[in-house]
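The values are calculated or read from the model by the stated rules, or taken from the named source; none is laboratory data. Here the structure is a predicted model, which is why all the values come from computation and not from measurement. Cβ atoms come from the backbone with ideal geometry, glycine included; neighbour counts cover every protein chain shown.
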Amino acid sequence: MKTTTKSDIKITKTNHSKIQDTDFDNLAFGQVFSDHMLVCDYKDGKWHAPEIVPYGPITLDPAAKIFHYGQSIFEGMKAYKDASGGVFLFRPMENIRRLNISAKRLAIPEVPEDYFFEGLKTLLKVEKDWIPTAEGSSLYIRPYVFATGAGFHASPANAYKFIIACAPSGAYFSGKVNVLIEEKYSRSANGGVGFAKAGGNYAGQFYPTQLAKDKGYQQVIWTDDTSHEYIEEAGAMNIFARINDTLITAPISDRILDGVTRKSILDIAKAEGIKTEVRKISVNELIEASKDGSLKELFGAGTAAVISPISGFGFRDEDFELPILEHTYAEKLKKLIIDIQTNKAEDPFGWRVEVM
Ligand code: COI
């Protein structure tokens, strides 16, 4: 594999920075984009050297296979800046490896790990002033690969583009969310692409989520596709339930994303002496636990939202409220993980990577 050093990465800077027009005190999630992006092309059977270019529109052939067959994958990462200006990533190799796990499943050529990592570090050096420091904000990083090769034949493309774009962002959700347990639609199936971060996994959620929204819920809890008896994910996040004092999450599978936040929370919880279980959680168990008061918390976990507490869930025609607790696992674990990510706490796990 060719090693990419910083000097290999051509940088073309913008003449029109948007940074002065950006309100860093009122950042939504993923709505404004930084000045530059990394672009790397696959053609003639290989990935070509990544470049940093001004952020802006790209031109594609109308027959590019991304438009017709949805050959597209992505990742979600964040960069954080501490009080002394140090810049950090959180477990970046997990995202780099997972992008290539997704690539393999979608018949996309794997991106050389050093192109990704060295390219990202170079991009962050160029974009360091875009990394927000306000509490709860970060530079959300979106690496993605899609088929640019043209043709209506339903087969893998012969050309691809890998882009890393960045968006200074605030919270993904504000406040608690009310969710509907879904019994008709499925997010994924055995043998499918649920474990991959394929764009289509998310597109397939929009319609059922809209139906749930029409009924007054904000998100859907996905259940297994065969029996719909077991809860699997919460919207675009992994799901955790606290029953009495045990924190439970569903095991990863063909259908469930191996979330970086999910596995970090499990490790942090164990280190805090919280009893954890990785096992199937049935809808029935959730309802019984809600009725007898042992269901204390439900929350989603993912890079974008970190931890998103759930206030209640609907199942068929019944609604179940979660209790309002003074000290929640969600709050405690969210603070612990964010303090590690933002260099406010020791990192006994060795997850934080200083970029500059
Ligand atoms: C993330 O949490 O980073 C994700 O990839 C989910 C996305 C839909 C925002």
request  = Could you name every one of the strands (runs of 3 or more DSSP E) located completely within the range 102-184 that has at least 1 residues being in contact with a Cys (Cβ under 7 Å, 6 or more places away or on another chain) and not basic (Lys, Arg)?
outcome  = 138-147, 160-169
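Condition check ((1) closer than 25 Å to GLY302 by Cα; (2) at pLDDT 95 or above; (3) among the β-branched types (Val, Ile, Thr)) across all residues:
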residue: HIS68; (1), (2), (3): no, yes, no
residue: MET77; (1), (2), (3): yes, yes, no
residue: VAL87; (1), (2), (3): yes, yes, yes
residue: ASN100; (1), (2), (3): yes, yes, no
residue: VAL126; (1), (2), (3): no, yes, yes
residue: VAL145; (1), (2), (3): yes, yes, yes
residue: THR148; (1), (2), (3): no, yes, yes
residue: PRO156; (1), (2), (3): no, yes, no
residue: ILE163; (1), (2), (3): yes, yes, yes
note = Within the range 251-285, the residues that are of a type in the set (Lys, Arg) and either surrounded by 14 or more Cβ atoms within 10 Å (Cβ to Cβ) or assigned to a loop (DSSP other than H, G, I, E, B) (or both) are ARG255, ARG262, LYS263, ARG279, LYS280
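Being within 30 Å of THR342 (Cβ to Cβ), within 20 Å of the chain's Cα centre (by Cα) and away from the ligand (no atom under 16 Å from the Cβ) narrows it down to one residue among GLY175, GLY170, GLY192, GLY199; which is it? Don't jump to the end; show me each part of the working.
Details: GLY170 fails: away from the ligand (no atom under 16 Å from the Cβ); GLY192 fails: within 30 Å of THR342 (Cβ to Cβ); GLY199 fails: away from the ligand (no atom under 16 Å from the Cβ).
The conditions single out GLY175.
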Among (1) out of contact with any helix residue (DSSP H, G or I) (no Cβ under 8 Å at 6 or more places or on another chain); (2) within 16 Å of the ligand (Cβ to nearest atom), the one test that ASN158 misses = (2)
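Restricting attention to the range 40-76, which residues are more than 16 Å from the ligand (Cβ to nearest atom) and of a type in the set (Phe, Trp, Tyr)?
Kept after step one, since they are more than 16 Å from the ligand (Cβ to nearest atom), are these residues of the range 40-76: 40-69, 71.
Selection gives TYR42, TRP47, TYR55, PHE67, TYR69.
Taking the conditions exactly as written (at pLDDT 95 or above and within 16 Å of the ligand (Cβ to nearest atom)), does TYR140 satisfy them or not?
Numbers: at pLDDT 95 or above: yes; within 16 Å of the ligand (Cβ to nearest atom): yes.
When the stated conditions are applied, TYR140 passes them.
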query = Restricting the range 291-306 to residues that are surrounded by 21 or more Cβ atoms within 10 Å (Cβ to Cβ) and more than 11 Å from the ligand (Cβ to nearest atom), which is nearest to PRO168 (Cα to Cα)?
reply = PHE299
task = Consider only pairs whose beta carbons are under 6 Å apart and that are at least six residues apart or on different chains; among these, list those whose first residue lies in the range 50-75 and is of a type in the set (Ser, Thr, Tyr) and whose second residue is part of a loop (DSSP other than H, G, I, E, B) and within 16 Å of the ligand (Cβ to nearest atom).
result = TYR55/PHE33
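Quick check on ALA83: is it in a loop (DSSP other than H, G, I, E, B) and at pLDDT below 95? Reasoning before the result, please.
Working: in a loop (DSSP other than H, G, I, E, B): yes; at pLDDT below 95: yes.
Here the answer is yes, as ALA83 does meet what is asked.
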